[in-house]
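Only one structure is covered here, and it is reproduced in the block below.
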Amino acid sequence: NAGVTQTPKFRVLKTGQSMTLLCAQDMNHEYMYWYRQDPGMGLRLIHYSVGEGTTAKGEVPDGYNVSRLKKQNFLLGLESAAPSQTSVYFCASSTTPDTQYFGPGTRLTVL
Amino acid sequence: KQEVTQIPAALSVPEGENLVLNCSFTDSAIYNLQWFRQDPGKGLTSLLLIQSSQREQTSGRLNASLDKSSGRSTLYIAASQPGDSATYLCAVGGAGNMLTFGGGTRLMVKP
């Protein structure tokens, strides 16, 4: 039982490049979330999903897209990366909104 | 819009001391409040979850209280140990399955 895993762990992009972050969970959770964490700040919700095939916007959705084609996977895409998207990205999953289980994070640098 | 503030931003104490971390929030219409622990380069681990109808929760040396009317929560750590050194995040659960996080308190417990 791996819990929540994130791929990749680190990535460096140039401005304008695109990439996809993968989150996978093996706990059969309905809810999945993508957050970003900037230095000295708490986590901010980017997008979330309440089930396979559904997505919804969080607090800071601009510049990101998501997809939940399979229940166990939640993908976060950056179509045209900007330096302001340099951050640590965390994925989480849960059976209810109360108790979220977090992945180890992806550290993204956009030059 | 819910805003969550944690004071102090950083705290250094000698081993064995009892300490209190503070969290305040602006909108008292919450579903629950959680305290998380984050170790450097790692994801978040949930420590305590207090439902809106509860006043406090305890786990081992940790005790969290909630006063919805004043918009405050405290995390009390008894007999602190060097292994307690980490960043502690407070998160408020609100409508729309969203957690709003505070900026965290970085705790260092010196041997």
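The values are calculated or read from the model by the stated rules, or taken from the named source; none is laboratory data. Because the structure is a prediction, the values reported are computed rather than measured. Because the Cβ atoms are built from the backbone with ideal geometry, glycine has one as well, and the counts that use them run over all protein chains shown. Keep in mind that these areas ignore ligands, DNA and RNA; they rest on the heavy atoms of the full protein, side chains included. Shrake-Rupley method; radii C 1.70, N 1.55, O 1.52, S 1.80 Å.
Tabulated data for the structure shown
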| item | result |
| --- | --- |
| Matching entry among B:58, B:87, B:74 (being away from chain A (no Cβ under 13 Å), assigned to a strand (DSSP E or B) and buried (at least 17 other Cβ atoms within 10 Å of the Cβ)) | B:74 |
| In the range B:7-27, the residues that are open to solvent by less than 70 Å² (accessible area, probe 1.4 Å), outside any strand (DSSP E or B) and either closer than 17 Å to residue B:56 by Cβ or modelled with pLDDT of 95 or more (or both) | B:16 |
| Tabulated pairs, the range B:4-23, first closer than 11 Å to residue B:105 by Cβ and within 14 Å of chain A (Cβ to nearest Cβ), second assigned to a strand (DSSP E or B) and open to solvent by 40 Å² or more (accessible area, probe 1.4 Å), C-beta under 6 angstrom, 6+ apart or interchain | B:5/B:24; B:7/B:22; B:10/B:106 |
| Residue selected from the range A:38-61 under the condition open to solvent by less than 30 Å² (accessible area, probe 1.4 Å) and assigned to a loop (DSSP other than H, G, I, E, B), by the criterion farthest from residue A:106 (Cα to Cα) | A:51 |
| Hits in the range B:28-55 - residues which are crowded, with 18+ Cβ neighbours inside 10 Å and either in contact with a Gly (Cβ under 8 Å, 6 or more places away or on another chain) or at positive phi (or both) | B:30, B:32, B:33, B:34, B:38, B:43 |
| Residue count, the range A:62-82 (criterion: open to solvent by 20 Å² or more (accessible area, probe 1.4 Å) and among the aliphatic types (A, V, I, L, M)) | 4 |
